[in-house]
Amino acid sequence: MLMRALQTSGFEVELAASLRSYEGRGDAIRQQRLRQLGERLSQRLIRRYQRAPLTRRPALWLTYHLYHKAPDHIGPAVAEALGIPYVVVEASVATKQQHGRWHAGYQASIIALQRAALAICLNPVDRRGLTEAVPTLPQADLPPFIDLAPFESPGQTRRQLAKRFNLDSNRRWLLCVAMMRPGDKLASYRLLADCCHQLAGDDWQLLVVGDGDAASEVRSAFANHPAVRLLGQQPTPTIAALGQQAELLLWPAVNEAFGIALLEAQASGCAVIAGREGGVAAVVADGQTGVLTEPRSSTALARTTRELLDRPQRLAELRRCAAEHVRQCHSLEAASQRLRTLLQPLL
């Protein structure tokens with residue numbers, strides 16, 4: 001998506017390297033091997049670019065998602081050798097790792113950030129850590145974005161969806177779309193299950209889209225609630241159709257970075273109720289496209305959901321604003337314009 005946005009901006013984009021520097025176990029030997037691979041690859045790229053005609057050399061290097069578990073061992077060296085700007089997108093700094101199992105990756109990330117001409121932040125929460133680690137680092141925001149086409153196209157009707165998934169078309173449909181994996185996602189699902197047990201009324205049905213390693217735990221959490229339907233993993237067109245027919249997407253958002261599913265729901269015309277945590281406020285305009293509740297509170301989630309279900313005109317207004325807000329601020333086109341504004345002065 002980032003490459004598509006850059007291409008839409010008018011930039012010629014080349015994937016320079018496919019090396020994945022991520023190391024998630026804290027294995028110092030593997031981290032060292034990845035660093036050596038990156039250094040060899042950077043030298044190979046430098047030789048390749050220096051032999052190329054000036055018109056075919058890169059004008060800017062951009063690295064995505066830089067942090068201690070996935071340091072950049074390639075970009076800074078290439079940018080330095082070619083004398084071109086080095087830019088990072090969605091970099092983050094966890095200072096507690098400077099003496100931990102990923103201290104080498106932490107140090108490499110700090111060196112890369114010190115070299116950077118610009119850090120583009122998708123999640124505003126990352127800004128503080130970047131500033132503390134490298135006070136001189138120029139920073140700018142890029143709102144998270146999606147391709148709106150699948151979510152604005154008419155999908156299956158309510159009747160078709162009800163028949164396909166054995167849903168009650170007379171009830172208000174609430175939606176949840178998230179991976180089922182241990183940790184924060186499972187914690188969110190358990191809070192959502194608690195919310196369902198507290199949510200008054202029998203006029204609603206919760207439709208849960210997702211699958212993963214924690215699927216059995218999620219099923220257990222919802223086992224005793226007859227108004228919950230687990231639909232499993234679904235393709236994007238089905239998710240878009242469900243969003244168009246649902247009234248609210250619910251998600252506790254425990255430690256959520258920002259939540260692409262929240263953007264996709266709004267693009268479909270579905271309002272959002274989510275916990276005010278992480279970068280969720282960067283994608284949900286509180287009071288305009290949905291409501292952000294007290295973090296990790298199933299009670300607040302249930303209360304807010306009931307209040308909106310009992311105010312259909314207010315809910316309809318939120319749904320209209322949600323689709324328009326995403327179109328203006330979080331579309332591929334909006335991101336393309338923003339990237340051009342940020343990068344063109346560096347060239």
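More than 21 Å apart: what percent of Cα pairs in the range 55-167 qualify?
49
Computed over the Cα atoms of the chain, what is the ratio Rg over Rh, Rh following Kirkwood? Let's see the in-between values first.
Details: Rg = 22.4 Å, Rh = 21.9 Å.
Ratio value, two decimals: 1.02.
Give the relative contact order (percent, whole number) for the chain; include only Cα pairs under 8 Å separated by 6+ residues.
Value for the chain: 16 percent.
Using the Cα atoms of the range 149-329, I'd like the radius of gyration and the largest Cα-Cα distance, Dmax, both in angstrom.
Rg and Dmax of the range 149-329, Cα atoms, are 14.6, 41 Å.
Rounded, prolate or oblate: which one fits the range 135-218, using the alpha carbon gyration tensor with axes a ≥ b ≥ c (rounded when a/c is under 1.5, else prolate when a/b beats b/c, else oblate)?
oblate
Calculated from DSSP H runs of 4 or more alone, at -39500 (n - 2.57) each and per residue, what is the 222 nm mean residue ellipticity of the chain, nearest 500?
One gets -13500 deg cm²/dmol as the mean residue ellipticity at 222 nm.
Along the positive direction of the dipole of the range 149-329 (beta-carbon charges: Lys, Arg +1; Asp, Glu -1; about the Cα centre), which of 299, 149, 280 reaches farthest?
Farthest towards the positive pole: 149.
Let me know the charge dipole size of the range 149-329 about its Cα centre in debye, to the nearest 20, where only the beta-carbon of Lys, Arg (+1) and Asp, Glu (-1) is charged. If you can, show how the numbers build up before the last one.
On the way: 20 positive and 19 negative charges, 89 e Å.
Charge dipole of the range 149-329: 420 debye, to the nearest 20.
In what sequence do 268, 216, 18 fall when counting other Cβ within 10 Å, fewest first? Could you put the intermediate results ahead of the total?
Numbers: 268 26, 216 9, 18 6.
Ranking 268, 216, 18 by Cβ neighbours within 10 Å, fewest first, gives 18, 216, 268.
Could you give the size of the charge dipole of the chain about its Cα centre, using +1 on the Cβ of each K and R and -1 on the Cβ of each D and E, expressed in debye and rounded to the nearest 20?
920
Counting other C-beta atoms within 10 Å, and keeping those with at most 14, which DSSP coil chymotrypsin sites (Phe, Trp or Tyr not before Pro) do you find in the range 1-66?
Loop-located and lightly packed - 22.
Kindly put 342, 62 in sequence by how many other C-beta atoms sit within 10 Å of each C-beta, fewest to most.
Ascending number of Cβ neighbours within 10 Å: 342, 62.
Read-outs: derived from the displayed coordinates by stated rules, not from any lab. On a predicted model such as this, the values are computed, not experimentally measured, just so you know. Counting neighbours? That spans all protein chains shown, and the Cβs are built from the backbone with ideal geometry, glycine included.
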